[in-house]
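Here is the structure we will look at.
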Amino acid sequence: MSTQHLPARALELIRIFQEKLILELKVFFFTMQEFFWFSTRAFVAIPKAKRYWRDVLDQAKICGADSLPIVMVSAISIGALLAIEVGNLLEDFGAKTMLGRSTSISVIRELGPLLMGLMLSARFGSRNGAELGAMQISEQIDALRAFGTDPIAKLVTPRLVAALIMFLPLTALSDFAGLHSAAYMAEHYHRLDPGIFWNSVYPRLAPRDFVVGFLKAPVFAIIITLVSCFNGFSAKGGTAGVGRSTIKGIVVSSGLVLIANFFVSKLVLENM
Amino acid sequence: MIELRKVSLKYGDREILKNISLTIKDNAIKAILGPSGVGKSTILKLMLGLIKPNSGQIIVDGTDITSMTETSLYAIRRKMGMVFQGNALFDSMTISENLGFFLRENMKLPEKEVNRRVTEQIQFAGLEGYEEQLPESLSGGMRRRVAIGRAMIFKPHMILFDEPTAGLDPVSSKKILSLISSLRNDNNLGAVIVTHIIDDVFNVADSVAVLYKGEIIFDDSTEKLHKATHPFIRSILSDKILEL
Ligand SMILES: Nc1ncnc2c1ncn2[C@@H]1O[C@H](COP(=O)(O)OP(=O)(O)OP(=O)(O)O)[C@@H](O)[C@H]1O
Ligand SMILES: [Mg+2]
């Protein structure tokens, strides 16, 4: 059937759809370009970060110390859960002595960093989005610009530096908590001797397991900070707009964390 | 000196400013008068390069800032002070920190000098006792005075005031107006005052530009405003306050 036979209304709808699609694509690529510049400027300002060391310290406290409880809770619960479930599974194969090995790899490589990334994009990301969004709509960001201060160097770079610094120890602490909660469950739920558990953890852990896990920390730090700050800076349309941009920041950064998690694992494990 | 040459600006399809030309001289106070939504705040933002026009040029002290990059604009902006319509105080900083922000940030003055100037400004604005408060715990008039102090404290040679008296009681607005006219006597500053209150114009301005439907319909000394024939100006002169 050629398009001539289609009713005019349908053609009209297709045309409208096409136009919308093109517009959306344009907006998407424009936003990508803006984001690219925003990120470049945030990185370029890193050498100047010591000028804003107070802001770096404040942000380090917010994304480090203040995030510690939620990161620990998620690490402990994921460690415990893994130990129970994987232990049940391994028992069927009579391989319960391998429990330490399987849980430690999951915790260190995958679930530990991933869960931490998601928690931080909810906690640190939402805070950035809401705070910077509110500053944007109340013209405080314009006020910085009007005073000749680069708002990206003053507001975004300190957050980026703080996240880059703090995400590594957070990862280490989360690994530690996850492993110990797994060990606890192995001992008290599966009645596995702690010696056996830890024996299957340490000798088997390869450097690449740590590389995978710890490489994710800076990658997530960059994704979460830049995406949430960018969305805060783009907020418009009053308080509802701040809400929208905050949500967008969390959704996009969580999505990107999930995707980056996969690719970091794949790249490192294929190449090491 | 700030010059707008044939500046046009659109938001989407809506044409806000149509081919506007305007000159702001140093050491004089210029008022920009116009009804709400006509584009007065927009003009101030254009002068600082915070937004870009669709066409035309903006020249600040002989430099064309129209197509300058954000980073090179910082040096130009530091010569000017801006009082935003909504104050735009940094709400996570105390009043003293707000006032001292520019001095620490851009002039890198020694802490002692910063404190001296901040104290002086606090007294000048009558804000003693509020130094360590956050902006949220101040009244509207007090916040206004902080915003004005924040722009004045680094002694720029041009200050842009966006509706300095809007929403204030007669006493506060009188205080602020006398503060603005004292600027000229004390510091030999230039200033732009955006307003929709015609009494403000007669109180402080040397000259006035009237913005109406995207165009400048009057631009001359304040005394001559009385003789203007444009129906819009006639109507505001008889009503004194602009309602569309
Ligand atoms: N970011 C923006 N996006 C779209 N339109 C805008 C934007 N900012 C301002 N406008 C529109 O531009 C016009 C001029 O706005 P502006 O804030 O300059 O007015 P104004 O003269 O300062 O008004 P008021 O006296 O109420 O402050 C208004 O009609 C407004 O709706
Ligand atoms: Mg305005």
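Before moving on, here are some points about what is shown:
- Taking a straight line from the alpha carbon of B:Lys175, these lysines sit under 22 Å away, with near neighbours fewer than eight places off in the same chain left out: B:Lys30, B:Lys155, B:Lys240.
- For the options A:Leu23, A:Leu68, A:Leu11, a Gaussian network treatment of chain A with springs between C-alpha atoms closer than 10 Å singles out A:Leu11 as fluctuating the most.
- Contact surface B-A: accessible area buried, both sides summed, square angstrom, 1.4 angstrom probe: 1800
- Cα gyration tensor, region A:126-203 - rounded (a/c under 1.5), prolate or oblate: prolate
- Each Lys and Arg contributes +1 and each Asp and Glu -1, all at the Cβ; summed about the Cα centre of the protein assembly as shown, the dipole is approximately 800 debye.
- For region B:21-80 and region B:159-228, distance of Cα centres in Å: 17
- Other protein chain C-beta atoms within 10 Å of residue C-beta, averaged over B:86-92: 5.
- Residue-averaged 222 nm ellipticity for chain B, from DSSP H runs of 4+ at -39500 (n - 2.57), nearest 500: -10500 deg cm²/dmol
- Considering only B:Val192, B:Val38, B:Val146, the mean-square fluctuation computed in a Gaussian network model of chain B, springs between alpha carbons under 10 angstrom, is largest for B:Val38.
- Sulfur and carbon atoms: percent of accessible area, region B:1-137 [1.4 Å]: 48
- For region B:64-122, the residue among B:Thr94, B:Ser67, B:Ile122 whose Cα projects farthest onto the positive side of the dipole built from Cβ charges is B:Ile122.
- Among B:44-56, A:129-141, the order from most to least packed when residues are scored by Cβ within 10 Å on average: A:129-141, B:44-56
- Accessible surface, region A:55-108, averaged per residue in Å² (probe 1.4 Å): 45
- Computed from the Cβ-Cβ distance with R0 of 25 Å, the FRET efficiency linking A:Arg191 to A:Val73 stands at 0.45.
- In the structure shown, the pairs B:Lys6/B:Lys227; A:Lys236/B:Lys45; B:Lys25/B:Lys45 are assessed against 22 Å; a Cα-Cα span above that value is assigned to B:Lys6/B:Lys227.
- Counting only protein chain heavy atoms and rolling a 1.4 Å probe, the accessible areas of A:Asp66, A:Asp92 rank, largest first, as A:Asp92, A:Asp66.
- Estimated D of region A:53-271 in µm² per second, where Rh is the Kirkwood radius over Cα pairs and Stokes-Einstein applies at 37 °C, 0.692 mPa s: 179
- Relative packing of A:103-112, B:133-142, which averages over residues the other C-beta atoms within 10 Å, highest first: A:103-112, B:133-142
- For B:Ala209, nonlocal amide neighbours, meaning residues 5 or more places apart or on other chains whose placed amide H falls under 5 Å from its own, are B:Ala31, B:Ile32, B:Leu33.
- Within 10 Å of the Cβ of each residue in B:72-80, the mean number of Cβ atoms contributed by other protein chains is 3.
- Peptide-level mean, for A:144-156, of C-beta atoms on other protein chains within 10 Å: 6
- Computed about the Cα centre, the dipole magnitude for region A:53-271 is approximately 360 debye when only Lys and Arg (+1) and Asp and Glu (-1) carry charge, each at its Cβ.
- Charge dipole (debye, nearest 20) of region B:54-210; +1 at Cβ of Lys and Arg, -1 at Cβ of Asp and Glu: 340
- Using just its DSSP H runs of length 4 or more, each adding -39500 (n - 2.57), chain A gives a mean residue ellipticity at 222 nm of -26000 deg cm²/dmol after division by all residues.
- Only one residue of A:Phe197, A:Leu23, B:Ser221 has its Cα farthest out toward the positive end of the dipole of the protein assembly as shown, where Lys and Arg carry +1 and Asp and Glu -1 on Cβ, and that residue is B:Ser221.
- Accessible area per residue for region B:14-111 is 38 Å², calculated with a 1.4 Å probe on protein heavy atoms, without ligands, DNA or RNA.
The values are calculated or read from the model by the stated rules, or taken from the named source; none is laboratory data. Everything quoted here is computed from the prediction, not taken from an experiment. Using ideal geometry, Cβ is built from the backbone for each residue, glycine included, and neighbour counts are taken over all protein chains shown. Ligands, DNA and RNA are stripped out before the accessible areas are found, and what is left, the full protein with its side chains, is counted by its heavy atoms. Shrake-Rupley method; radii C 1.70, N 1.55, O 1.52, S 1.80 Å.
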